[in-house]
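Asks: Got a structure for you, questions after.
Only the coordinates and a few stated rules stand behind these numbers; no lab work does. Treat the numbers as computed from the prediction; the structure is a model and nothing was measured. Positions of Cβ are generated from backbone atoms using ideal geometry, with glycine treated the same way; all protein chains shown enter the neighbour counts.
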Amino acid sequence: MSGNLIIKYVYGGSTSHEPKEPTHQISQYKVSKYLKDRKVLQYQDIVELLKNDGAQFYPNSIRYYNPNSEAYFRMEKDFTLELSSNSGWLSNDSPLVLRLWIKDANFVLRSRITALNHRVKQLERIQNVIQHPHPRLESKNMSQTKLLIPPGLTSPYPFPIDRNSYIPSLIELKSRPSFLPEDCSPQTVILGRPTVSNFSEINLLPLSSNALDIAIMYAEPLARTDGKVTLSLPDAVEYEEECNEIYETLESKELKIRLAIEIASRNNLIKVLSRHPVILHILCHGEYDKTRKQFYLCFETSDGELDPFYADDLRTILDNLKTDIKLVFVNACHSEAVASVFADAGVPCVIAVQSQLQIADVIARKFANEFYHFIFDGHTLGDSFDKAILASKSKECHSCCCGHQHEPNCKWYKMAVKEGFSYAHLYHDPVCVDCPKKHEHIHKQACTWAQNFMEAYGPADNWVNLESEFATCCCSPQLPHNELLKFIKVTKNPEESDQLVLYQPKEEGKILFRKWGSIIEKRFPVEKLIGRNRQMYDLFKILRGHQRFVQLVGKIGVGKTALAKQIANYLHARNYFKNKIAIINMDKFYSLSSFLADLYSEEEFVNDLKGFCEAMKSKDALFILENCDSFIETNQKELFVKLDQIVNSTKNVKFIFILNQPLQIDFPLAKMELGNLYPADAAKLLLANTPLDKIPLRYRNVEELKKCDLFEKSRMISPQMIWHISTSLINGQRFEKIQSQLLQKLENVPEDNQADLAIERTLK
């Protein structure tokens, strides 16, 4: 079959944003000689064949054309192509044609040389400015010089002048910028380095500016408060995974990319917009306000509280702050309304999720990741969107009834408006295990879940048929239910915005990411907590107050250390305790002196109390001491004398003691108790860590599981006990049997600790 293999390739990154019909073809003799009798073609084979053909390219830049999807995809190192007639890659003619798109290494080299030459000229001009400040203004012929000031500018220069900035002449600004390739006309729309034919439209930034290529903003509000009542909020979206995946995507491009990752708050949004990012990516929850009948984004305040960010709030900011953002990606449920405001403010393209719809985290992350792959490879916005849709397709893409707009008389929609979309979504999501097409909303005729769903929420007309399977939907079974269809492009000029290219060419280099704390540099590894937002909020408030010592108390297995690590990461990402956050395990110390020696070692060149106090005098630091019970019992008096000396000699050094039992001591200690999980949170944790087929059908929904006898009668259960129950289910024990055994034990156990003891005894 190797004799019938044709390999064609085209260079990208030079004059075209799209790969055209390949003009380079590897000799079939070379291909046949290399492959001989091989049955498969692998990634490394392709690299070697291209090198043997004299191609100058970057191996990690190879993309291949898939005729089934009609799109180019990034070639991973595990790529394998079967060299057979039934591979699905056959063209209209008989040979097997493999079309490749590679990044021109010579072009990148030329771009780097151009950039270096430009930098040399810049340094020469800076030196000239230092020696002769503003030479144009000191020119003898200045009075005869006409400075053409563009409309709307008070200065002949479209940016502030400083001694570190390149100051181009008006002639240079009006002519072709020196950093553009020779074959790039002034009319070409390349937004990474803006080029326009009309001087009044020029918006160039000096190389030394803090302008951003992409800004990512995410929010994790912990609680909602009206000044009287404080309520815990649902667990955050998977922002950690999405931020890291986007970062890895950008890093893989090996380009000089100015990146900022910030918390999504009103003030931070203004700061980010003032840095003129080309791309703004917003990641948070989206919710519906039943009182105002408006959707909003879940931003956060500096206190960790929810700040509902409505479309009108954004409109006010944009009315008072001019921005030249080219792309906004609002990766949040119900974000269409906010997206429209960005579009009204002049943003060429905004990607959002339709207002009535929620979207699965895994699909949202995958789509965003693929989209930025194409954007930073030089594709147009329109093609990047379409190709990302194709590249993100998987069995997970199919959604429940949230994949379409709902009819006014839809029973489910009426429930969603009344009870909340998050609550109603639970009853959309299929939880059967024997229907292989359930993600396409197609179920077997005998599926109990599907029958119950259609009886409760289905259309009024007769839905039952005699076929072996049927479609389930609250009001529109005939429509495609696909998560990717929830993404929309909001734009005033679709044809023009689809042709925009944000990054081409782009200088080689690394990500420029100047921030001390961020989600990318996670301080402590810890699994995402479920149902602990209120406790996080309470501890956050204590640590931001004046209290220097905090005891975090709770029984074994409630997750005290996990909570402490999570709050440490939360503080770290928000620039609190930026000098030091450390966790010290007190179990390893045999004496007070050994602990103090370890504490002092947290600072370089410090080996005593005086030196430690001096080093930490003006610093913000948080020390988390875990497994403290036995150590404090032995060294209580002497320990607190030393720690009191430290806090009295420093500005903002604080300590958290993680304890099983509260301290009985006359000392200024703030106390926070961590209890077991409420039934709803316990249900979420059990469902998140247990295969569905191990749980009875009627309990595969959080709202139903939390009502089971075990959770209701025990009232609250520890995370550790949930893990034990999950393990028992996975090992084959029936849920009913576990529940029956535990309920029997509960009858003879005092109420204050009945759940913990009963579950522990039974599962042991």
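Asks: Mind sorting F57, F605 by how few other Cβ atoms lie within 10 Å of their own Cβ, fewest first?
Replies: Working: F57 23, F605 7.
Sorted ascending by nearby Cβ count, the order is F605, F57.
Asks: Ordered by residue, what ³J(HN,Hα) values in Hz, to whole numbers, does the stretch 451-458 give under the Karplus form 6.51 cos²θ - 1.76 cosθ + 1.60, where θ = phi - 60° and Gly and Pro are x?
Replies: Computed from phi, the couplings for the stretch 451-458 are 4, 5, 5, 5, 5, 7, 10, x Hz.
Asks: Something else about it: Report, by chain and number, residues whose modeled amide H sits under 5 Å from the one on F57, excluding near sequence neighbours (fewer than 5 apart, same chain).
Replies: Under 5 Å from the amide H of F57 lie the amide H atoms of A105, each far enough along the sequence or on another chain.
Asks: Taking θ = phi - 60°, what integer Hz values does the Karplus form 6.51 cos²θ - 1.76 cosθ + 1.60 yield along the stretch 599-613, in sequence order, with x for Gly and Pro?
Replies: Each residue of the stretch 599-613 in turn: 5, 5, 5, 5, 10, 5, 6, 10, 9, 8, 4, 4, x, 5, 4 Hz.
Asks: Under 5 Å between amide hydrogens, which residues at least 5 positions from I6 or on another chain qualify, with H placed 1.01 Å from N in the peptide plane?
Replies: L96, V97, L98
Asks: May I ask which of K293/K387; K228/K489; K253/K541; K33/K393; K366/K438; K418/K707 have a Cα-Cα span longer than 31 Å here? Don't skip to the end; give the middle numbers.
Replies: Working: K293/K387 35 Å; K228/K489 40 Å; K253/K541 41 Å; K33/K393 37 Å; K366/K438 21 Å; K418/K707 21 Å.
Correct reply: K293/K387; K228/K489; K253/K541; K33/K393.
Asks: Out of residues 5 or more away from I584 or on other chains, whose amide H comes under 5 Å of its own, with H placed 1.01 Å from N in the peptide plane?
Replies: I624, L625, E626
Asks: Now for a different question. Can you put R544, R63 in order of Cβ neighbours within 10 angstrom, beginning with the fewest?
Replies: R544, R63
Asks: Sorted by average packing, counted as other Cβ atoms within 10 angstrom per residue and highest first, what order do 487-499, 548-560, 663-675 take?
Replies: 548-560, 487-499, 663-675
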